[in-house]
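Here the structure is laid out as structure tokens; the discussion comes afterwards.
The values are calculated or read from the model by the stated rules, or taken from the named source; none is laboratory data. Since the model is a prediction, treat every value here as computed from it, not as a measurement. Note that each Cβ is placed from the backbone with ideal geometry, even for glycine, and that neighbours are counted across all protein chains shown.
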Amino acid sequence: MARILRRKPAGVAQRPASRQALRPVRIGRFGSSRLWRTVRRHVRRFFLTFVSPLGWTVIGIALASAIGFAATRWHELLAVAAVAAMMIVTAVAMSLGNTGFRATIEVSRRRVTVQDTVHVSVVVRNPSHTPTATARGDLPLGETHERFGIPMLTPGQSKQTDLEFTAISRAVLEIGPLSIRKGDPFGLIRHEKSLAERITVYIHPRVVHLNVINAGVARDLEGQPSGQIVDDDLDFYGLREYEPGDDVRNVHWLSSAKTGTLMIRQYEATRRTDTSMTLDVNPQDYLSQEEFELAVGVHASLGVQCLAQDRPLETHAGRSHATPKHAMAFLDECSAIEPQHDDNPNLVENTLRHTPDASFYFFTVGSLKKLDQIKRMVPALPKSATCLVLQTMPRANRELRFFSDFTLATLGSLDDLPAVMEALS
């Protein structure tokens, strides 16, 4: 029994000892294997993500030169391989560093008019607990790019960059996102990340103020008061004394009996104000970009006035058809109008497909739109509707021509539009 009691502790102690002796070996192999896979993954990701095509070309030259030197022992190839390898090593070293930036973009106004100034503020900050490396900032402003340097930022530090530009032409301008670039000056290694969100700035066309547009179909049940007092309509206005020639059917007999004088009913003229506006966007109908911009300005000015009067409005510009409710949304759409070579030359056909029963049709065309083309397409409009064709011709004299089916107005500048509309009201 004594031997048995002495052997059991020895046997129990030996088994755990053998297992513990094996465990460190297995853990060491597993840990080194996992570390090696992690290193390989990061290296592969670095070279596949950050090495530019030019960088891969330099790496290829370095490898080819090294292989050539091993085969031929030409020291010139060794020098080329050494220089190329040094360039890659330097590029990798220059691309390293903390680039954990955060950025915000702010603009002074998101809706401006041509020739207005826009202020852009870019704030880059370091939210981490370690200093950042120097980098380059690239901010897209439409089709152009604004580049600026970002210095090393300590934890919590920020850098503000203020930019300013003038809206030269009508456009929908995309600002951002901000790109942070870190790499070598040769472009072999490019470490790039996008920060902040894209901001849209609408550059509206210039518009002019117009007086009230009273054109429309008279005596319509769903029309709006025009301010004109007539003797026969639907919207009762008041009474006046009888004058020779008045229709006795309009006599208000109850008031006549009280006053002892014949009293005639008066009405406020109402007009149906459904308006359709079509802009010719075919560049072949315009002499220049200036003339096209003038046409967009005319189109926008008419639409803003119609919406200010709460007139139901349908707008057409090439493949774009809309029913705007607010002037700002309409001007946003005008900012995005672009020439379209496949625009249907028969503007009336395209308009009637979407607005067949409007009471007033506006057509804005370029100076190269021939009068015969206009005469052929206008008769398809409803006979009860009014049609006004506005033809832009920069620096030409203002002119009005009246035809049986439509009125043709020639505009030399946007400032001619109020006078034309005043003459037609």
Any idea which of (1) closer than 13 Å to Phe362 by Cβ; (2) under 21 Å from the mean Cα position of the chain (by Cα); (3) outside any helix (DSSP H, G or I) is the one Val304 doesn't satisfy? (3)
Any residue in the stretch 54-63 that is assigned to a helix (DSSP H, G or I), at pLDDT below 90, among the aromatic types (Phe, Trp, Tyr) and within 21 Å of Gly97 (Cβ to Cβ)? no
Residues being in contact with a strand residue (DSSP E or B) (Cβ under 6 Å, 6 or more places away or on another chain), under 22 Å from Leu368 (Cβ atoms) and either buried (at least 21 other Cβ atoms within 10 Å of the Cβ) or at pLDDT below 95 (or both) - total across the stretch 289-336: 7
Can you name the residue in the stretch 377-411 that is modelled with pLDDT under 95 and of a type in the set (Gly, Ala, Ser) and is also nearest to the chain's Cα centre (by Cα) among such residues? Ala396
Among (1) over 28 Å from the mean Cα position of the chain (by Cα); (2) free of Cβ contacts under 8 Å to residues at least 12 places away in the same chain; (3) outside any loop (DSSP other than H, G, I, E, B), the one test that Met421 misses: (2)
Applying the selection to the stretch 252-273, what residues are at pLDDT 85 or above and surrounded by 15 or more Cβ atoms within 10 Å (Cβ to Cβ)? His252, Ser256, Leu262, Met263, Ile264
For the subset of the stretch 202-220 comprising residues that are buried (at least 19 other Cβ atoms within 10 Å of the Cβ) and modelled with pLDDT of 80 or more, which member is nearest to the chain's Cα centre (by Cα)? Tyr202
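Which one of these is under 28 Å from the mean Cα position of the chain (by Cα) and among the small types (Gly, Ala, Ser): Ser158, Ser121? Even if it seems obvious, please write down each step before you answer.
Working: Ser158 fails: under 28 Å from the mean Cα position of the chain (by Cα).
Sole residue among the options that is under 28 Å from the mean Cα position of the chain (by Cα) and among the small types (Gly, Ala, Ser): Ser121.
Here are Val420, Val378: which of them is β-branched (Val, Ile, Thr), out of contact with any Phe, Trp or Tyr (no Cβ under 8 Å at 6 or more places or on another chain) and either closer than 19 Å to Asn350 by Cα or surrounded by 19 or more Cβ atoms within 10 Å (Cβ to Cβ) (or both)? Walk me through how you get there before you give the answer.
Values: Val378 fails: out of contact with any Phe, Trp or Tyr (no Cβ under 8 Å at 6 or more places or on another chain).
Step by step, each of Val420, Val378 is checked, and only Val420 is β-branched (Val, Ile, Thr), out of contact with any Phe, Trp or Tyr (no Cβ under 8 Å at 6 or more places or on another chain) and either closer than 19 Å to Asn350 by Cα or surrounded by 19 or more Cβ atoms within 10 Å (Cβ to Cβ) (or both).
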For the stretch 79-107, what are the residues that are in a strand (DSSP E or B) and within 22 Å of Leu63 (Cα to Cα)? none
Screening Arg206, Arg147 for residues that are basic (Lys, Arg) and under 16 Å from Ser335 (Cβ atoms) leaves only Arg206
Is one or more of the residues making up the stretch 337-344 in a strand (DSSP E or B) and either hydrophobic (A, V, I, L, M, F, W, C) or surrounded by fewer than 21 Cβ atoms within 10 Å (Cβ to Cβ) (or both)? no
Here are some residues: Ala85, Ala103. Which one is under 30 Å from Arg170 (Cβ atoms) and among the small types (Gly, Ala, Ser)? Ala103
Residue check: is Ala135 in contact (Cβ under 8 Å) with a residue 60 or more places away in the chain, within 30 Å of Ala167 (Cα to Cα), buried (at least 17 other Cβ atoms within 10 Å of the Cβ) and not β-branched (Val, Ile, Thr)? no
Inside the stretch 300-353, can you point out the residues that are in contact with a helix residue (DSSP H, G or I) (Cβ under 7 Å, 6 or more places away or on another chain), under 21 Å from Met421 (Cα atoms) and not hydrophobic (A, V, I, L, M, F, W, C)? Ser301, Gly303, Glu314, Thr315, His316
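Table: residues versus (1) loosely packed, with under 13 Cβ neighbours inside 10 Å; (2) assigned to a loop (DSSP other than H, G, I, E, B); (3) in contact (Cβ under 8 Å) with a residue 12 or more places away in the chain; (4) in contact with a helix residue (DSSP H, G or I) (Cβ under 7 Å, 6 or more places away or on another chain).
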residue: Leu139; (1), (2), (3), (4): no, no, yes, no
residue: His145; (1), (2), (3), (4): yes, no, no, no
residue: Gln160; (1), (2), (3), (4): yes, no, yes, no
residue: Leu163; (1), (2), (3), (4): no, no, yes, no
residue: Ile168; (1), (2), (3), (4): yes, yes, yes, no
residue: Glu174; (1), (2), (3), (4): no, no, yes, no
residue: Lys182; (1), (2), (3), (4): no, no, yes, yes
residue: Arg190; (1), (2), (3), (4): no, no, yes, yes
residue: Thr200; (1), (2), (3), (4): no, no, yes, no
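Can you tell which of Ala380, Ala358 is more than 26 Å from Asp416 (Cβ to Cβ) and either outside the structural domain of Ala396 (by TED's automatic domain parsing) or out of contact with any Gly (no Cβ under 9 Å at 6 or more places or on another chain) (or both)? I'd like the intermediate steps shown before the answer.
Values: Ala358 fails: more than 26 Å from Asp416 (Cβ to Cβ).
When all the criteria are applied, what remains is Ala380.
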Select from the stretch 320-374 the residues that are of a type in the set (Asp, Glu) and under 26 Å from Ala171 (Cα atoms) and list them in ascending order. Asp332, Glu333, Glu338, Asp342, Asp343
Identify the single condition in (1) free of Cβ contacts under 8 Å to residues at least 40 places away in the same chain; (2) in contact with a Lys or Arg (Cβ under 9 Å, 6 or more places away or on another chain); (3) polar (S, T, N, Q) that Thr315 does not satisfy, given that it satisfies every other one. (2)
